[in-house]
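Have a look at the structure below before the remarks.
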Amino acid sequence: MARSSGWDGLAFRPLADPGREARELFAFVGAWAPPAAEVATGWGAWDDRRLVGAALLERAGSAAMLHGPAIAPPPGVDPEPVLDAAAGLVVLALASVEPAKIETVFARPQGLDRVWVRLGFIPVPEAELPEALRGRPGIGLFGWRGGSALWGAAGRGRDRRASPALR
């Protein structure tokens, strides 16, 4: 007999006004969110009519920073469905990047290493982050490249000797 998680039936969909809709949820869980004007798009998870999870995407050319997922489950919910909700939001985000011509998505770990690795993200050095996405709070960085793109040792199109970290 399957055991109930206590948190079934979430509905996942894009946020109509991501810079505004997710702000309260991000503040509630203590996560940083980019200013509303910098949010390109976002996705939410609803438990009936209550927004309980959100992820926001900030874009810089062909790269993007995924903020969140921020999840606020009700008390007593098992951790697995919460991780599944986080993964569901990341899956929605990744499904939207190819049509938007985004090649690389970056994310801060936030203790969700299992989610990132399961969905094809790998740890990458801060030097890989485009200048326009630097300075965001958080420690550590994961990156995802779509299609058949591979990570190069010196970063795509950059001479490793020119890296500011090596000067």
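Couple of notes before you dig in:
- Members of region 139-149 that are at negative phi and either exposed (fewer than 15 other Cβ atoms within 10 Å of the Cβ) or part of a loop (DSSP other than H, G, I, E, B) (or both): Ile139, Leu141, Gly146, Ser148, Ala149
- Residue list for region 119-138, restricted to those being over 18 Å from Ala93 (Cα atoms) and either assigned to a helix (DSSP H, G or I) or of a type in the set (Gly, Ala, Ser) (or both): Glu126, Ala127, Glu128, Glu131, Ala132, Gly135, Gly138
- Any hit, region 79-102, residues being in contact (Cβ under 8 Å) with a residue 12 or more places away in the chain, in a strand (DSSP E or B) and in contact with a helix residue (DSSP H, G or I) (Cβ under 7 Å, 6 or more places away or on another chain): no
- Of the residues contained in region 27-41, one or more are found to be at pLDDT below 95 and among the aromatic types (Phe, Trp, Tyr).
- Scanning region 35-46 for residues that are open to solvent by 50 Å² or more (accessible area, probe 1.4 Å) and either in a strand (DSSP E or B) or aliphatic (A, V, I, L, M) (or both) yields Ala36, Ala37, Ala40.
- Flag if Ala70 is under 14 Å from the mean Cα position of the chain (by Cα), over 21 Å from Leu141 (Cβ atoms) and hydrophobic (A, V, I, L, M, F, W, C): no
- Residues of region 13-27 that turn out to be outside any loop (DSSP other than H, G, I, E, B) and exposed (fewer than 12 other Cβ atoms within 10 Å of the Cβ), as a count: 1
The values are calculated or read from the model by the stated rules, or taken from the named source; none is laboratory data. Only a predicted model underlies this, so the values are computations on that prediction, with no experimental measurement involved. Cβ coordinates were reconstructed from backbone atoms using ideal geometry, including for glycine residues, and neighbour counts include every protein chain displayed. SASA here: full protein model, heavy atoms, side chains in, ligands and nucleic acids out. Shrake-Rupley method; radii C 1.70, N 1.55, O 1.52, S 1.80 Å.
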